[in-house]
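Quick notes on the structure that follows.
Read the figures in this text as sums done on the coordinates, not as results from a lab. Computed from a prediction, not measured in an experiment: that's the story for all the values here. Positions of Cβ are generated from backbone atoms using ideal geometry, with glycine treated the same way; all protein chains shown enter the neighbour counts.
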Amino acid sequence: MSIMRCVLLLIVLDLWYVSQASAQNTPCDASTRFDAVTNMWKLEPDQNISQLPAAERAAERSIMRRVVEMFTSTFVPTGAAAYYGVNYDIVTHAVTNTSRYGNTYVFTLSHHKIECHNGKPAALDVSFGNVSVQVNVQLVGEASNGEPSVGFSFLPRGYYQLKDRIALPEPTAEGIQEFNFVDGTTVWWLTRAGALPFRYVTRREFLQRQVDIVRSRSTPSPGLLAYYQRLLSEATDDIAFVKQAQVPGLTESAYVFTTLEDRANRVYVTVNPDYYDRTQPKSAPQHTLIRLRRVDVASLNRTGNGPRHLESFQKLREIVGANLPEFRAMVK
């Protein structure tokens, strides 16, 4: 199974296996299961490499070799197996959305469960979590139409309704930002100084898109169309904070503007075409997203050695932190 498929099946497979393991496997003692199985690595073959021209392939592989070295030279997957590899897939939005620029490619290191079979430890195709380094992939879905009924993708709320403040992410002078989510996931953005590859949709843009969407329907609602046209005539270029609500005089719900603090809001985003340096080769990192994710602590504790696995993810976090300046330096 590929690395990327392991990522997608992360939680489902883990929950399934926990329920099945006790009935199917012979217990191993702790020393056999965790201490003897140390530094177990499995290299996955490169994926989708043949689609790249030779020069781009060589450049991207050079970058990914360095990324691999950052982790394999430092991380010791004690009590678990580390599956790692690179997917050079040029995803759909990288081809169809001409407002953005650059090839997409992703390194993934996946932390895999070790169980006992016939009294011996064996690595299973079940992942407890992973760290991925995503080059030129979307930061927040800005390059695709995440909600066809709206016409834009929205910024996940965890990026702006934080534990200590409520604020939209803005460009930084360092080009490095860290976000910690309630489920234990951490995301880092590596971008050019003072710029982001996306921008926030304005009220005017949002309403114009709603007018176009309503008009495109086989049976447009006259009341809804008139409502959006009226708002559009008064619209500003302020950022649109939006939610659905019942509007007096309409027989269907519609979008209304609200505040950033409203926990029912949506903040929509789109590509910032001015961000991209099109003089660079397509292989050059224009921006990078690093994501560290794991299953919940309760699932880790059900393995009988949750603290050891948590230590592993903490180590991966430290490796990312120690290499953030170099990751940032890769962004051209």
How large is log10 I(q)/I(0) at q = 0.12, 0.13 Å⁻¹ when the Debye formula is applied to the Cα atoms of the chain, each weighted equally and without solvent?
-0.93, -1.04
How big is the convex hull of the Cα atoms of the stretch 124-250, per residue, in Å³?
181
If every alpha-carbon in the stretch 108-167 counts as one equal scatterer, what log10 I(q)/I(0) does Debye give at q = 0.12, 0.16, 0.17, 0.25 1/Å?
-0.59, -0.78, -0.81, -1.02
Report the extension gain between S50 and Q280 in nm, rounded to one decimal, defined as 0.36 nm multiplied by the number of residues separating them, less their alpha carbon distance.
80.7 nm
Relative contact order, percent, of the chain when contacts are C-alpha pairs under 8 Å separated by at least 6 residues?
21
Give the angle, between 0 and 90 degrees and rounded to the nearest 10, that separates the Cα long axis of helix 222-233 from the longest principal axis of the Cα atoms of the chain.
90
Please report, in cubic angstrom per residue, the volume enclosed by the convex hull of the alpha-carbon atoms of the stretch 252-332.
226
For K42 and K163 in the same chain, what is the full-extension length gain: residue separation times 0.36 nm, less their Cα-Cα distance, in nm?
39.8 nm
Measuring from the longest principal axis of the C-alpha atoms of the chain, the long axis of helix 203-216 (C-alpha) lies at a number of degrees, nearest 10, equal to 80
Inter-part distance where the stretch 185-202 and the stretch 71-138 are each reduced to a Cα centre, Å:
22
Computed from the mean reciprocal separation of all distinct C-alpha pairs, what Kirkwood hydrodynamic radius does the stretch 40-169 have, in Å?
17.5
If one compares the long axis through the Cα atoms of helix 306-330 with the longest principal axis of the Cα atoms of the chain, the angle in degrees, nearest 10, works out at 60
Residue separation times 0.36 nm, minus the C-alpha to C-alpha distance between E311 and E174: what's the value?
46.4 nm
Using the Cα centre as the reference, give the magnitude of the dipole from point charges on the C-beta atoms of the chain (Lys, Arg: +1; Asp, Glu: -1; all else neutral), rounded to the nearest 20 debye.
220
Using the 2.2 N^0.38 Å rule of thumb for compact globular proteins, work out how the stretch 200-271 stacks up: its C-alpha Rg over that value, please.
1.08
The stretch 148-197 - Rg and Dmax from Cα coordinates, angstrom
12.4, 36
